[in-house]
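What follows is calculated from the coordinates using simple rules that are stated; it is not laboratory data. Only a predicted model underlies this, so the values are computations on that prediction, with no experimental measurement involved. A quick note on method: Cβ atoms are made from the backbone with ideal geometry, for glycine too, and the neighbour counts reach across all protein chains shown.
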């Protein structure tokens, strides 16, 4: 098979064979959300030991759970944690117009219901449970936390989009013009922005692999999606002081997609008694795939150390 048509981000080894080689088991299915949307889901679990915690994961804008995103839950399953994720509306294999998210609040409803169904499963109901979000997914995790602050033992926030960076936000008067047009044409893919893959991933070979994702959205952001993300992130930015759950926030100092200074602001303002921040010098937006392998190991090490201290028993 041609390199440009690889089956998976890891190569051409079939999924089941690859998962077994990594000592994990994985499932995939569709979940019908309370509002009737068909959403694609995956799970990644330790193969030979019972899980010692569950991690409910949310991907970022334009991404999905079937390509490079998988590298993190595969690793977490190897560390003993059962991980679960879904493709949000309009992403990956889930229902909806590609990359169109007209109302993030409804997406939060979908994800909240799915994660509740996981936590209610008798196999997992007694285990500590954590949220994990990348970029836009980090913002969604905080919104999930606000829905019920008592539900989670903590959150891992990787380059969370708690405010859209001025470095990628369109300049005046473009936002005002786009807001007017969006009232009539919300699905129009015309928001001017540079390629986020190029801005997110440091290692050139990994940019190529990321670009091979058959489910990746290549168009410009849709008006309605951008305006609602601006709404939600502006709202979140005003509520950083209301965050109360334990969390670790991870950010690269060279990130130009989401702003590391806002992650530092989250750390300063949050009322959480248990909170940590890691700003990695010179790292970019894609901390857990796009960096060098050595840098990824550093970030993974911080995540696992944080989880181990808040879960029953240490990883073998």
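A compact table of results
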quantity	calculated
The stretch 61-95 and the stretch 253-307: distance between their alpha carbon centers, rounded to Å	19
Per-pair calculated FRET efficiency, R0 = 25 Å: residue 103 and residue 244 via Cβ, rounded to 0.05	0.50
Rounded, prolate or oblate (a/c below 1.5 giving rounded, otherwise prolate when a/b exceeds b/c) for the stretch 86-160 by Cα gyration tensor	prolate
Global form of the stretch 1-133, assessed from the alpha-carbon gyration tensor, a/c cut-off 1.5	oblate
Residues of the stretch 41-84 with amide N under 16 Å of a point placed 7 Å along Cα→Cβ from residue 148	54-57
Extension reserve of the residue 120-residue 21 stretch, reckoned as 0.36 nm per residue once the Cα distance is removed	32.7 nm
Pair residue 253, residue 183: separation of 7 Å Cα→Cβ label points (nm)	4.6
Global form of the stretch 1-63, assessed from the alpha-carbon gyration tensor, a/c cut-off 1.5	oblate
Normalised convex hull volume, the stretch 3-308, alpha-carbon set, Å³ per residue	125
Calculated FRET efficiency for the pair residue 231/residue 48, C-beta based, R₀ 51 Å, to 0.05	0.65
